[in-house]
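First the structure, in the form of structure tokens, and then the observations on it.
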Amino acid sequence: MPVTEINKKLSEIWKTDIGEMEEESHASQMNVILHFGVKTTEEEALEYFEASIKFSQVYPARLIVLCPSEENKSEMKLDAKFFFQCYVGRSHRKRCCCEALMLGYDPDESQFLKNQVAVWLQSDLPTFHLFYKLPVKIIEKKYLNFARNAKKIVYDSGSDIHLNEVHWGSDHKAIDLAHARLLSIRQSIGQFLSGYSPEHIAEDINGISIDYSPDLLGEALVLSKWIHSCMEECSQDQTFITKNHPKQDLSFISINFDYNKDSNKHFKWHFDKKKGFARIDANIGKGPIQYQHKTSLLDLNKALSEALFF
């Protein structure tokens, strides 16, 4: 249907005689724009859409899904659809209703797209803009201005490492979903190392090596930067060299602290995504320790929450 008819249709859908409970059930707290590039597959788009619906069940949001199309261009430059659904809460009296507005757009019409999306945004609410598999040059040339009013910009280097190259600008708070997905992993590593003094961790260390499988490149580079910054805080007098080594094994990341051999110290951490556990083999001054524990990357809907609010 034409984009201009969407708001009218939405108001008709939400007309009700139930009263305040119904009004509260679909009260949005934010706008979330899912902005897909032409290289996004149907499976990837569906994964993000379903995760966003789960997210909106906890944090009611108006979802605006931008789906590019380079085929069958016609005089109607934009094609719109909408989706809405209500969910019953645990009390059976509390409901949460979410709405998703889907827009098929011509990638060459960025200004026209911006103007039409503005009609759908709830202007009194914060907006979060997620870019997925758009080329760096296209984002910088056509869409940074589009997203300049967003409270946060979100991207996923785990799906497209080149998004790390975008110059988001000082006025944009850009968050990488790969960083958000690593929350529980960063917490577990930090919790273990917190049992030692920063000075003792940094003493006698020559460098840090990160090994990873190709499917976890984005997460590995995020973890590498995080570890490097932590080590610099441990000792500001030392320069730490962090080396990243891709391997062909499936779904893993490993961290190795390279200590002087004479120190008899070592720290090795290995994460196996498929098995869902991490293993630590270390001796940083309190005797040898070996143990493994369950851990995983955050599910996409939880990673969205972490990226948007924390």
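FYI, it's all coordinate maths here, none of it is from the lab. All figures in this text were calculated on a predicted structure; none of them were measured in a lab. Every residue, glycine as well, gets a Cβ built from its backbone with ideal geometry; the counts of neighbours run over all protein chains shown.
What order do you get for 173-185, 189-201 when each peptide is scored by the mean count of other beta carbon atoms within 10 Å, highest first?
Values: 173-185: 21.1, 189-201: 14.3.
So the order, starting with the most tightly packed, is 173-185, 189-201.
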| task | Report ³J(HN,Hα) in whole Hz for each residue of region 144-155, in order, from the Karplus equation J = 6.51 cos²θ - 1.76 cosθ + 1.60 where θ = phi - 60°; Gly and Pro get x. | result | 5, 5, 4, 9, 5, 8, 6, 5, 9, 10, 10, 9
| message | Quick check for me: using +1 on Lys/Arg Cβ and -1 on Asp/Glu Cβ, what's the dipole size of region 183-300 about its Cα centre, in debye to the nearest 20? | response | 460
| request: Please name whichever of Ala202, Ser251, Leu216 sits farthest to the positive end of the charge dipole of region 183-300, dipole taken about the Cα centre and charges placed at Cβ: Lys and Arg +1, Asp and Glu -1. | output: Ser251
| query | Among 211-217, 280-286, how do they line up from the highest to the lowest mean number of other beta-carbon atoms within 10 Å? | reply | 211-217, 280-286
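Return the subset of Lys114/Lys151; Lys243/Lys268; Lys273/Lys294; Lys137/Lys243; Lys39/Lys137; Lys274/Lys294 for which the Cα-Cα distance in this structure is over 18 Å, preserving the input order. Present the calculation step by step, with values, prior to reporting the outcome.
Working: Lys114/Lys151 16 Å; Lys243/Lys268 14 Å; Lys273/Lys294 10 Å; Lys137/Lys243 28 Å; Lys39/Lys137 14 Å; Lys274/Lys294 11 Å.
Violating the 18 Å limit, Cα to Cα: Lys137/Lys243.
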| Relative contact order (percent, whole number), region 183-300, Cα cutoff 8 Å, 6+ residue spacing | 26
| field | In Hz, Karplus ³J(HN,Hα) per residue of region 271-286 (6.51, -1.76, 1.60; θ = phi - 60°; x = Gly, Pro) | value | 10, 10, 5, 5, 7, x, 8, 10, 10, 10, 10, 8, 8, 10, x, 10
